[in-house]
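*Asks:* One structure is given below, represented as structure tokens, and several questions about it will come after.
Laboratory data are not the source of any read-out in this text; all were calculated from the coordinates shown. It should be emphasised that the depicted structure is a prediction, and the values quoted were computed from it without experimental measurement. All Cβ positions, glycine included, derive from the backbone under ideal geometry; neighbour counts span all protein chains shown.
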Amino acid sequence: MEPTTSRAAWDQAYARVESSLHAAGVADTADLPKLEEVRVRFLGRKGELTELLKSLKDLRLDDKRELGPKAQALKTALEAELAAAKDRLEEASDAQTLNEDAVDLTLPSLRPPRGRLHPLTTTLHSIAAVFQSMGYSWAEGPFIEDEYHNFSALNMPDDHPARDSQDTFYLDGVNRLLRTHTSNVQIRTLENHAAKGKPLRVVCPGRVFRHEQIDATHSAVFHQVEGLVVDRGVGFADLKGHLQASLERLLGAATKTRFRPSYFPFTEPSTEVDVKCFFCPGTGCPSCKHTGWIEILGAGVVNPKVLSCAGWDPEKWTGFAFGFGVERVAMLMHGVRDLRDFYTNDLRFLRQFDEDFV
Ligand code: DAH
């Protein structure tokens, strides 16, 4: 095919494009829309440089070979220049936005309300921590229990009157109930460890349920921490030592205690431990039911029948056990007179225990 454009005409066209490119001053373009105008003007479908490139096809073959790369180089250089200008303009516009929307990082933020552990939970943890420091480990058992583990294995057969004193929530028929104390965990722990034949020291913290009349010192759902030690030759003196030491750690070195003889079917001998009332100087007030003392736990030397029933030889092993009332301890630790305050979720009450709340 005959060439339709002469080399001289093409050279002129090239020179025109080059000079108008120069005049357009890509590198100094002031904003992004203007830059886009320049791009379209030279590289759009009908752009000046696009037309120049298209017109290459009308040249003679040897001119095409020589001038093609020259025109292509102009396009590559322009594209690089456009990209650099675009980067510069975008950066400048970001910087401007940041500057205009500046955030004052020194302004104090809104403080979201903080949660904290409930005072009963922290009391439970404190009791468990004191015993853990004395070598006890942690055990847990089910809330829904059978009669065997809650009663029978604790030396309370079917018709035993002690069952009546623990008003029980039965679930279905008679064999499933909400545990009335954490002593069920004693039995489960004894059963699980019988085959190992090694001494035991455990605390079992947890929730218990009784069909109680609710008042300032009683609730239908409350918490206990059960303790159990089984070893060779341990007895009442060890029990007394462990309890006295732990109460002093929990409530203060000056804590006065009183061990009263008592009765539990699963311990022999049995005792109930009172702490001198913190609310009155021992002279009597409503919190101590005018006795000067507050009962906080039951305890005793494990009845040999309980040991043998759970697979331990009472000729070789002896043990002692105790059950703390966690609410009672919390009342003494925090000077709370009415146990119901722990359950009503009144934030004014609960916030007193929040370290950050002034
Ligand atoms: N389980 C008893 C109660 O709920 C408390 C108790 C007494 C636990 C003597 C014991 C114990 O482990 O040895 O009233």
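*Asks:* What percent does the relative contact order of the stretch 1-130 come to when contacts are Cα pairs within less than 8 Å and at least six residues apart? Walk me through the intermediate numbers first.
*Replies:* Values: 59 pairs, mean separation 36.6, N = 130.
For the stretch 1-130, the relative contact order is 28 percent.
*Asks:* With each run of n ≥ 4 DSSP H residues scored as -39500 (n - 2.57), what mean residue ellipticity at 222 nm is computed for the chain after dividing by its residue count and rounding to the nearest 500 deg cm²/dmol? Before the final figure, lay out each step's value.
*Replies:* Numbers: 12 runs with 145 residues, N = 358.
Here the helix-only value at 222 nm equals -12500 deg cm²/dmol.
*Asks:* With a sphere of radius 15 Å drawn around the Cβ of Ser262, what net charge do the other residues whose Cβ falls strictly inside it have (Lys, Arg +1; Asp, Glu -1)? Display every interim value, and only then the final one.
*Replies:* Details: positive: Lys240, Arg258, Arg260; negative: Glu268, Glu272, Asp274, Glu295.
Neighbour charge sum, excluding Ser262 itself: -1.
*Asks:* What span do the alpha-carbon atoms of the stretch 7-100 cover on each of the three principal axes, reported in whole Å from largest to smallest?
*Replies:* Computed over the Cα atoms, the extents are 58, 20, 17 Å.
*Asks:* Angle check, please: helix 32-43 long axis (alpha carbons) against the longest principal axis of the chain (alpha carbons), in degrees 0 to 90, nearest 10.
*Replies:* Taking the Cα atoms of the chain, the angle to 32-43 is about 40 degrees.
*Asks:* According to the Cα gyration tensor, what semi-axes, each the square root of 5 times an eigenvalue, does the equivalent ellipsoid of the stretch 119-353 have, listed from largest to smallest in whole Å?
*Replies:* Values: eigenvalues 160, 91, 55 Å².
After diagonalising the Cα gyration tensor, the semi-axes are 28, 21, 17 Å.
*Asks:* Let me ask something else. Over the chain, what is the relative contact order in percent, taking alpha-carbon pairs closer than 8 angstrom and at least six residues apart?
*Replies:* 14
*Asks:* Calculated FRET efficiency, Ala162 and Val221, Cβ-Cβ r, R0 25 Å, to nearest 0.05? Don't skip to the answer; put the middle values down first.
*Replies:* Details: r = 21 Å, r/R0 = 0.84.
Using R0 = 25 Å, I get an efficiency of 0.75.
*Asks:* Take the alpha-carbon centre of the stretch 216-248, take the same for the stretch 272-309, and report the distance between them in whole Å.
*Replies:* For the stretch 216-248 versus the stretch 272-309, the Cα centre distance is 11 Å.
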